[in-house]
Amino acid sequence: MHNLILFLILCLPITFQASNLKIEAVEWHHETNPGKKAHVRMTISWDNAWHNDRNHDAAWVVIKLKHQERRTQHLKIASGGHRLLANQLNNNVSPKISVPADGAGFFIHPSKNYHGHVSWTIQIELDSAILNDNRFRPWEYRIRTHGVEMVYIPAGGFTLGDPDTVLIKKGALFASDGDGKFGGLFKIENERSEINISTAKGDLFYQPIDAYMGDQKGPIPAEFPKGVQAFYIMKYELRQGQYADFLNALTNSQSQLRANFGGKNYYQLRGTITLGTDQYQAAKPDRPCNFLSWDDAMAYADWAGLRPLTELEFTKACRGPLAPAFHERPWGAASKDQLARHVSANGDLAMTGNWNESQMSDSNRAVFGASYYWVMDLAGSLWERVVTIGDDTGRKFTGQHGDGRLTGFGFANVEGWPQGVEEEGGYGFRGGGYYEQGRHYHDLNPHAPVAQRRYGSWSGGNRAEAYGSRFVRTAE
C-alpha cells in the first residue's frame, strides 16, 4: 500500500463483570490515503458463553470516539470485512459477527454449539463516513468500546396469561369469554397482526382494579413489538459499572441530569456510584443499577443503540413457547424452594451454596431463577420497566432503536419512545422489585409471577432503590 499512514491510538479497556465480559487491547487504525478505511482491533472475552440448539448468548458492542472538548461520537460499523485474528483458547469455536442495517454496533457469539469461556481477538471494520470529513482530526479523539451481554430470543409464538385466575385481580391478561371474564389463555402467533382488546369472545382482555393496570383499550397495532419476531435481550439488568461508564462518556451538561446518585439514602440502599476527580466510578460495578428514572434508562438505551422492552416481549423472554404453568414465575414453576439466587446482606446478587453460572442447565434453571432462555433476574432483583399495552402512548411504540446520540441535556431523542414521568406515560413495571433487608415481602413481590401486571401501566416512579432497567434489540 502506497502513501499509507496509520494513526494508532491505544485506549484503556472498559471491563464489565456480569459474566466477566472484557474488551481489552483496543487499537484504532485510521488510513489517510485515498479510499480511507478504518478498523478497530480488540480482544473480547466472557465467561459462560453458550450456543445450543435453542438459542445463544452474545455480546453487543458499540464503539465511540471521545473528543477532548465536544460530545462523544457514535461510530457506525461497516456491513462486512470483519476478521477473526486469533482464538485465545484454541478451542476451535470461532465467533459469528453480525451487524444490523443501521450499523449502530455489532453482535458476536459462538458460531456453533458450545458452553464455556470464550476469548477472541478480532478486527472490526468501521464505516468510513466520518473519515471523509476534512475537519476530522483523529489525534483529538480517544476511542472507547462498550459491551453488554445479551441473550437471543428466537422467533416463535407464545402464550399470555396464567391458569391461576387469582392473578386476574393483578391485571393478568386472558382471552375473553365474550363477557369480559376469563375464557382461557391467549396465544400470540403473528408479529404483524393487530391484537384486539375487548370483551368480545376470544379477544385479549384484562380486569384492572385501577389505572395502574391499564385502560382496557386497544387495539395493539401491528407495528408494536410483540415478541414473535426474534430479538436480543440483556442477560442481566443494567449494572452500576456500565452506568458509570456511560456517565463518563457524556458532556458536563448531559451528565448533570443523568447522574442518579443525588437522592437521600442512595448509598444506604445499594447505590455505589460516586464522582471523583472528573470521573464517575462504581465501587460495585457488577451490582444492578438501581435509582434509575425512565429518562435515565432511555438515555442509556439510546446511547447504546438499544431500545426499551415491551411487556409482551417480557413474557416471551420469561416462558418462551411453553404453556404457562400455574402461578408461574420466570423459571417455569410457582415454587421458590429450589431458588438459590438472592440479594445478599451487602446488596449484591449472589448464589446460596457453591452454585455458579457455569453449572446452569435446563434441568436446574429454577436454582438460578433463570428464564426459559436463560435470561437472569427477570424477578427477584429490580422492577423491570417495560413499554405498556395499557395506554395509548405505549401502544404507539414501534420498536425503533437508539442511534447512539442524545440531546444536549442528556435525554433520548428517538421518535416514538415514551417520555419521562412528567409526560404522558407509555410504560409500566413488571417482575417485582427488591427494596431492602428486613422488609416484609409477599407472594407477589419481589418474585412476581410472570403474568402479574399490578403496575403494568403505571408510568410513575422517579429514582428509587428497587427501580432498574434492561434493554433489547430486534434481531435482523
Q: Starting from region 74-103, keep only residues that are within 21 Å of GLU24 (Cβ to Cβ) and part of a loop (DSSP other than H, G, I, E, B), then list their pairs with residues that are among the β-branched types (Val, Ile, Thr) and open to solvent by 40 Å² or more (accessible area, probe 1.4 Å) whose Cβ atoms are within a distance under 8 Å, requiring at least 6 positions of separation or different chains.
A: HIS82/ILE97
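Per-residue answers, yes or no, for (1) hydrophobic (A, V, I, L, M, F, W, C); (2) open to solvent by 60 Å² or more (accessible area, probe 1.4 Å); (3) under 20 Å from the mean Cα position of the chain (by Cα); (4) under 19 Å from THR159 (Cα atoms):
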{"position": "ASN190", "(1), (2), (3), (4)": "no, yes, no, yes"}
{"position": "ILE197", "(1), (2), (3), (4)": "yes, no, no, yes"}
{"position": "PHE261", "(1), (2), (3), (4)": "yes, no, no, no"}
{"position": "THR272", "(1), (2), (3), (4)": "no, no, no, no"}
Q.
For region 378-393, give me the residue count where each residue is open to solvent by 10 Å² or more (accessible area, probe 1.4 Å) and either in contact with a strand residue (DSSP E or B) (Cβ under 6 Å, 6 or more places away or on another chain) or at pLDDT below 95 (or both).
A. 1
Q) From the list ILE168, ILE143, which residue is open to solvent by less than 70 Å² (accessible area, probe 1.4 Å) and either under 22 Å from GLN68 (Cβ atoms) or more than 29 Å from the chain's Cα centre (by Cα) (or both)? A) ILE143
Q: For residues that are open to solvent by 40 Å² or more (accessible area, probe 1.4 Å) and over 21 Å from SER176 (Cα atoms), tally how many sit in region 200-244.
A: 2
Q) For region 345-375, what are the residues that are among the aromatic types (Phe, Trp, Tyr) and open to solvent by 20 Å² or more (accessible area, probe 1.4 Å)? A) TRP355, TYR372
Q. Any idea which residue in region 23-62 is most open to solvent (accessible area, probe 1.4 Å), counting only those that are modelled with pLDDT under 95 and small (Gly, Ala, Ser)?
A. GLY35
Q: Please enumerate the residues belonging to region 446-476 that are under 14 Å from the mean Cα position of the chain (by Cα), of a type in the set (A, V, I, L, M, F, W, C) and part of a loop (DSSP other than H, G, I, E, B).
A: ALA475
Q) Filter region 300-343 for residues that are open to solvent by 20 Å² or more (accessible area, probe 1.4 Å) and small (Gly, Ala, Ser); which is nearest to TRP374 (Cα to Cα)? A) GLY332
Q. Does any residue in region 226-238 that is closer than 22 Å to TRP303 by Cα come within less than 6 Å, Cβ to Cβ, of a residue that is aromatic (Phe, Trp, Tyr) and open to solvent by less than 10 Å² (accessible area, probe 1.4 Å) six or more places away or on a different chain, and which pairs are these?
A. MET234/PHE471
Q) Hey, among the residues in region 417-445 that are among the acidic types (Asp, Glu) and over 21 Å from LEU306 (Cβ atoms), which one's modelled with the highest pLDDT? A) GLU436
(Q) Please go through region 63-79 and give me each residue that is more than 12 Å from VAL99 (Cβ to Cβ), of a type outside the set (Val, Ile, Thr) and open to solvent by 20 Å² or more (accessible area, probe 1.4 Å), ordered by number. (A) LYS66, GLN68, GLU69, ARG70, ARG71, GLN73, HIS74
Q: Output the residues belonging to region 256-267 that are over 15 Å from ARG405 (Cβ atoms) and touching a residue at least 12 places away in the same chain (Cβ under 8 Å).
A: GLN256, LEU257, ALA259, ASN260, PHE261, GLY263, ASN265, TYR266
**Q.** Whichever residue in region 102-148 is touching a Leu at 6+ places or on another chain (Cβ under 9 Å), of a type in the set (Val, Ile, Thr) and farther than 19 Å from ASN55 by Cβ and, among such residues, is modelled with the lowest pLDDT
**A.** ILE130
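So which residues in region 110-124 are of a type outside the set (A, V, I, L, M) and part of a strand (DSSP E or B)? Before the answer, list the steps.
Initial filter on region 110-124 (of a type outside the set (A, V, I, L, M)): 110-117, 119-121, 123.
Once the filter is applied, which keeps residues that are of a type outside the set (A, V, I, L, M) and part of a strand (DSSP E or B), region 110-124 yields PRO110, TYR114, HIS115, GLY116, HIS117, SER119, TRP120, THR121, GLN123.
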Q: List every residue pair whose Cβ atoms lie under 6 Å apart, where the two residues are 6 or more positions apart in sequence or sit on different chains, the first residue falls within region 298-327 and is touching a residue at least 40 places away in the same chain (Cβ under 8 Å) and at negative phi, and the second residue, located anywhere, is small (Gly, Ala, Ser) and assigned to a strand (DSSP E or B).
A: MET298/ALA412; ALA299/ALA412; ASP302/ALA412
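Is there a residue being closer than 30 Å to THR72 by Cβ, in contact with a helix residue (DSSP H, G or I) (Cβ under 9 Å, 6 or more places away or on another chain) and not aromatic (Phe, Trp, Tyr) anywhere in region 329-337?
So far as region 329-337 goes, no, none of its residues is closer than 30 Å to THR72 by Cβ, in contact with a helix residue (DSSP H, G or I) (Cβ under 9 Å, 6 or more places away or on another chain) and not aromatic (Phe, Trp, Tyr).
The values are calculated or read from the model by the stated rules, or taken from the named source; none is laboratory data. Keep in mind the model is a prediction, meaning the values are calculated, not measured. FYI the Cβ positions are ideal-geometry reconstructions off the backbone, even for glycines, and counts take in every protein chain you see. SASA here: full protein model, heavy atoms, side chains in, ligands and nucleic acids out. Shrake-Rupley method; radii C 1.70, N 1.55, O 1.52, S 1.80 Å.
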